[in-house]
Amino acid sequence: MALNAKTDPNYVPKRINGKFAPGWSGNPGGSLEATRRSFNKDFLLALAADFKKHGAAAIEKVRKTQPAAYMKICALLVPREMKVEHAGRVKAMTDEQIEGAIAAIEAWMAARMAGEGGKVIEGEAEVVPSLPAPARPTKAS
């Protein structure tokens, strides 16, 4: 038997004129985002507590028994994009260090060129006279 105002004197409708009645939620299941945040928080707290108890031993066991899984976990912990900041290291270098770096770069380039068969293209740029600009079309009146 359905409850309504005729059968139950304490009955309060869920909606009154299209609006939710006082005490009735428009979202009885709650917020999905809040539920997800709560679950994530509880999970991470439980994981942290378990790690404090068994963390080092579990890592060692995985490293010994499943090295591929161990390496995958290590790789997942490294950020995909690393931000590199310029620290002005060249300015801090001495003249000898700069000369050594230049020599190392030249040696690297020479080795690279030798590996490519020493392909060097020599030539001179040809100066081409500029062409006159095309005439603009005139408006027909």
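Brief remarks on what is shown
- Filter pass, residue 50 being of a type outside the set (S, T, N, Q) and modelled with pLDDT of 90 or more: yes
- Matching residues in the stretch 30-55 - criterion: being surrounded by 10 or more Cβ atoms within 10 Å (Cβ to Cβ) and of a type in the set (Asp, Glu): 42, 50
- Residue 130 vs. criteria on the phi < 0 side of the Ramachandran plot, exposed (fewer than 10 other Cβ atoms within 10 Å of the Cβ), modelled with pLDDT under 70 and of a type in the set (Ser, Thr, Tyr): no
- Taken over the stretch 67-90, residues that are surrounded by 10 or more Cβ atoms within 10 Å (Cβ to Cβ) and of a type in the set (Lys, Arg) amount to 1.
- Among residues of the stretch 95-110 that are on the phi < 0 side of the Ramachandran plot and surrounded by 10 or more Cβ atoms within 10 Å (Cβ to Cβ), those with a Cβ under 8 angstrom from a residue that is aliphatic (A, V, I, L, M) and at pLDDT below 90, sequence gap 6+ or separate chain, pair up as 98/90; 101/93.
The values are calculated or read from the model by the stated rules, or taken from the named source; none is laboratory data. Because the structure is predicted, anything quoted here is derived from the model rather than measured. Note: ideal-geometry Cβ built from the backbone for every residue, glycine included; neighbour counts use all protein chains shown.
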